[in-house]
1. If you roll a 1.4 angstrom probe over the protein chains with everything in place, what fraction of the accessible area of the protein assembly as shown belongs to carbon and sulfur, to the nearest %?
2. In nm, to one decimal, how far is the residue A:21 label point from the residue B:49 one, both placed 7 Å along Cα→Cβ?
3. Before we go on, tell me the buried accessible area for the A/B pair, both chains summed, 1.4 Å probe, in Å² to the nearest 100.
4. For segment B:17-278, what relative contact order do you get, as a whole percent, if you take Cα pairs closer than 8 Å and at least 6 residues apart?
5. Counting only other chains, and only Cβ atoms inside 10 Å, what mean value do you get across the residues of B:182-193?
6. In debye, nearest 20, what is the charge dipole magnitude of segment B:17-278 about its Cα centre with +1 on Lys and Arg Cβ and -1 on Asp and Glu Cβ, if you could check?
7. Can you list the residues of segment A:167-215 whose accessible area drops by at least 40 Å² going from the chain on its own to the full set of protein chains, with a 1.4 Å probe?
8. Hey, what did chain B get for relative contact order, percent, Cα under 8 Å, at least 6 apart?
Amino acid sequence: MTIHLSIVLFLPLATGLLGAFLPRGMARWAVLAGTVAVLLYTVALLVDFDAGGGVQYVTDDEWIPDLGIRYQLGIDGLNLFMVALTAIAWVPCTLVAAFRQHDRPKLFFFNLALAETAVLGAFLAQDLALFIVFFDLMLIPFYFMIGGWGTGDRVRATTKFVIYTLAGSLLMMAAAIALGVLSTPDGGEISFSLAELQQRSVSEGTQQWIVLLFALAFFVKAPLFPLHGWVPETYRSSPIVTIALLGGVLSKVGVYGFLRIVLPIMPEGSQHWQELFIIIAVFSILYGSILAFSQDNVRLVVAYSSIAQMGFIVLGIFALEDKGAQGAVFQMLNHGLVVVPLFLIVGVIAARASGSESLSELGGMAFRAPVLATLFLIVAFATLAMPGSGNFVGEVLVLFGTFEDKLVYGLVASAGVVLTAIYMIRVFGGTMHNPPGADVESSEIDGLHLAAIAPLVAVIVALGVYPNFVVHRTEKATTASIQEAHGVGEQVATR
Amino acid sequence: MTLPLAEIQAPDIDYKALSPLMATIGGSIVVLMVGLLRGRLVQTVLVPALTALSLLTAIGLTIWIWEPGVQQPIIEGSLTMDALALGVAVLVYVAGLVCVALSLRAVAAREAGHGEYHSMLLGSITGMVVLAASSDLITLFVGIELLSIPLYVLCASELHRRTSLEAGLKYLVIGSVGSATLLYGLALLYGATGAMQFDAIASAISSDEVSLTDPLLLTGIGLIATGLAFKASVAPFHQWTPDVYQGAPTPITTFMAVATKAAAFGVALRLFDGALGLSQLEWGPALAALAAATIVIGNVGALTQRSLKRLLAWSSVAQAGYLMAGVVVGSTLGLQATVFYLAVYLVMNVAAFAVVIARERVSERGDDLSSLENLGQTQPWLAWPMTIAMLSLAGVPATAGFIGKFYLIDAAVAGDYAWLGIVIVVGAVVSFAYYLRVVAVMWMGGYEVELPTIPPRQVKPVSGWSPEADLSAQPEVAAIAIAFAAATILFGVWPDPLFDAARDIGTALSGLR
């Protein structure tokens, strides 16, 4: 079976453009159809994927030969499930959005579609410059969605979000160009192809600052402490659908960049900053957990818990051990899969409390909404890494990887696992149990949200039962990604 | 047959290579004459049509004589019609065509007289092409004066508006200072090298005749750089830019912003990178510092503006800084990147200015930021071009501005100016704050701009105050906005044609790194 990644990539955008020329009410259905089609295509991809092979379904064409930029797409174990996550996450979010009244619906759904194309592009790109094109492009639809359809001081929030993120990603662009230029051998042609860059090399000193600038971009995107300044305002002002995608999917692009670009191409540079990045990761785990614990707004609890979770993922990656990296890759998928339903559930809860998302005004919903409570409970358990969930497997792998060489950090990070349990139970209790708040009118989850959330929960459960489906497919690529950096570490240790 | 007169030989003139210049000079004279005829039809239709015809002819002739590679100077070494000159010329002609179209309903052309207005426009265009093609110090100066003097007048062509006159006067005074500085620099350069023609200067510098640390030479280069910096609005010689851009009739502002810059950078590339062999001199870092300062000053200056024209003026200062980076590195890559960016800069700025003009004519807020309020809902056909232009100026992927910046940073890093690449990036980050504010005003309604209010202005509506009527009353403005916004996206996704031209232009100067 031939699978064309270009179709996967540009289908959403095409439906978004198509929607712009359809009558007002039709745009949403066009885009929804597009996301479903991408999901179906991705399922075919998952079935067809060869776990033993390298980069597959490669598309490789010239784009801008003068700058050495190629239109290069491909799938391997690293991005297979990231693409799947994107495809899975967009369907329920578009579905929920489609049944809500929007002003200017064409524009909203165009942005939603453009966002999916941009995210898919960033995951699929096998050329550094192409990755950056999509990485920066992602921001624009989110800028419009938050600024146009958000609440509160949304313009300020969205501007802050864009500038914060761009400061990182434009510096990364400069670093990437430097990498391309400096790695060009004398008389050779400049190239940004990742496979080509891996063959070439730049000096260790250069690698160090380039890695630092890449890390800046990825840490802002993730976000990690102390580069999370945009988080509270943005999360508070965003439409719930947007924020589900932002927290669930976009945050993964950054950490994915470490595995795809930084570690394989600049192993010495990565090794150099290993300690620093691990410290940042551990700080993020603790800081995120503590803040999540002290928030009153349910959204922000989830937002800060994401910081902690992203900390776990980065910890796993920079442990530079096979197990840790595999755990990180698995956890990237798991976290995305729990955050999207969590935010959608927050939306459902808020709708039953006259829009309030404050824990002190919520409570007592479970009695009249057992299905909602059950779904929430499963997702909450998955988030706090209950044994039997995929997150448990992911976090254990991350911690094992860390224990091998960085025992102390591993132990500190373990404290984060405990904190997660505390704040998730607090949120669940605060919304579902406790005495009901004054404005709470509990009712069972409606069919629309059930249709959006239940399949996600099913996937979470399935991954908990059969994690090997993922681990088996990602193993090879993940090991290859950290191999060199790991090797450099070994050399340093023996010296 | 030998007559005594044969001692004096008239220079051999290559009329083929000169033909684009003759098209615009001839056009300028014809338009001036035709403008003397009375009649509404002659004034408002025939004159602009003849101007456009002259420019189209010039574009056609330019394409006809287009030839990559190093070209021999014509007319005893005073002009070099190579790909660099012709590339800049095409940009200038396109800017001229845009200006003609945007002036169709402008007050300025009516008040100054259509014939004079268009004739001066063509004169200025000729000056720009002469400047970009000059390979001799004298031609350079002639070009810069031929460019400037009509522009001084054009800036003041809205006779009954005080700010227009003020802009004209301001530009005249400051421009004259710039020209004088430049002239002094040219004289010193001649004194140091003993040569007028660029190739003679180049060989004098590369041989041991002239010491590279000769104070005369260095002062001369410094003064020339200052003079050109005035024209290209490079900091710290940019102060006139916001005032003049705001005061001048907007079609003229559009033309000035894109065409003057193209011509000034064209000659800067030829003089600094070609003749003076910048890479060999110690001047690179000094100019790089100037570029960095320009980027910072331009972007910071734009942050607090609420007049769109002033905002675009400050943004053009910042863009001049980006362009400088391409000159500073003194490499073929830098040359190509600069020319590429000039083209991109033209496309995106024209789209933005066209929208400003369209709004300015109908909104009582003039060119204030708030004149764009909720444009996304009322007039998406104007809001989209403006959005695309702003995003492209900021450098968002899938627009031409992104590739332009990418190319410039590429050139900077390859030329050992990685830090300048970082400065460009930092400038771009700052610029998002003001470009996105324009976008927010259009699409994210109810957004208050926190600056003092301005008194509403009395405007004569072009039409009947409804968005649809406004649009259909000046279709050419909307068409230009849409066409250039479309080009911005097109070149962002498929930049090959621009790269092909840039590659040709890259071969025009020899001796680059």
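The values are calculated or read from the model by the stated rules, or taken from the named source; none is laboratory data. What you see is a predicted model; the values in this text were computed from it and never measured. Neighbour counts are summed over all protein chains in view; Cβ atoms, including those assigned to glycine, are modelled from backbone coordinates with ideal geometry. For accessibility, only protein heavy atoms count, side chains too; no ligands or nucleic acids. Shrake-Rupley method; radii C 1.70, N 1.55, O 1.52, S 1.80 Å.
1. 65 percent
2. With each label point 7 Å from Cα toward Cβ, the separation is 3.5 nm.
3. 3200 Å²
4. 21 percent
5. Shielding by partners across B:182-193 averages 0.
6. Value, rounded to 20: 1180 debye.
7. SASA drop of 40 Å² or more in segment A:167-215: A:170, A:171, A:173, A:174, A:177, A:181.
8. Relative CO of chain B lands at 15 percent.
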